[in-house]
1. If you take the beta carbon distance between Ala87 and Val132 as r and set R0 to 22 Å, what does 1/(1 + (r/R0)^6) give as a FRET efficiency, to the nearest 0.05?
2. Test of understanding: what is the full-extension gain from Asp254 to Lys218, defined as 0.36 nm times their sequence separation minus their Cα-Cα distance?
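Taken together, the values in this text are just the output of simple stated rules run on the coordinates, not laboratory data. Keep in mind the model is a prediction, meaning the values are calculated, not measured. Every residue, glycine among them, receives a Cβ derived from its backbone with ideal geometry; neighbour counts consider all protein chains shown.
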Amino acid sequence: MLNRRDVIKMAAALAAAFGIDSLPAPVVAALKAIDPATVPKIIYLQGLSCSGCSVSLLQATQPAVLTMLTEYSRLAFHGDLAAASGALAQETINHYIEGKAGEYFLVLEGAIPAAMPEACQIGEHTLADYLVKASTTMNGALAVGSCACYGGIPAAEGNLTGAVGLREFFKSSKIDKLVIDIPGCSVHPDWVWHTIVHLVRSGLPELIKDRPAQFYSKKVHELCSRYHDFQEEIFAGKLGDSGCLFKLGCLGPDSYADCPTRGWNGTSTFCVEANAPCVGCTSPDFARKKTFPFYRLNENTRKKKT
Ligand code: SF4
Ligand code: SF4
């Protein structure tokens, strides 16, 4: 049976089979102009997380993940990918977080257990301690996935850890530092890698509600391949039917993300095309309330939105 590290290695090897040549020529030229020696490093920490976002990042195809890691970004530490473990891993993290300011971007996956800091330890320190220290040395932070952005599943109603996202944690710690939110459960690899490349190559991308506008300015509903069915009031009655999934509780009308045009699994599909309603995984409310279940049947009472 494969363990998580085996799966990640296999995903990286598979992803390495793809290159950047399928991208538009100007994008390829911009990527090839990046000098890895001058690129700020990335310290990738994980809080209350299932590691699903890390697994998703390793599915990158444009460019391939190994190209991203070796040529366009410099990943100094990632808990799942680092060869170092134990004291050596701790030294690596300390070297950056307690070192000179301005040498790295912090990426956080997973929520922070604000009411139970000891629930998330990295060596002898809590994640919360590290984040406070990092706020004085990092260039800025990327909150990767809905847990890191808004608390997500670990912050579901009734949770005991007081899980919060990075922005809320910094706010309550009176820390004013750049945080870019990249929500999703899990995130699309392009949303993260393209933001990292933009940051290290051209600086801050355009943001909308603290998220990169390039990916989050339109609703899933507006871009959906079944939008025409919605307009014609052709609705699916059960999962697997053709037609708009609105009456099965689809949250595409409330969710900002470019999934329908970007596509998942190497651009091949997205939730609705796989006959699953959008569950609003990029929304700040995702998975937070008991009254916000993933699937709702025959929800005829929801007000039709355009
Ligand atoms: S409600 Fe869902 S399935 Fe229907 S058009 Fe909008 S996003 Fe697509
Ligand atoms: S379609 Fe909806 S649930 Fe699916 S990945 Fe996109 S935002 Fe998340």
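1. Rounded to the nearest 0.05, the efficiency is 0.50.
2. Numbers: separation 36, 0.36 × 36 = 12.96 nm, distance 1.01 nm.
Computed gain between Asp254 and Lys218 is 12.0 nm.
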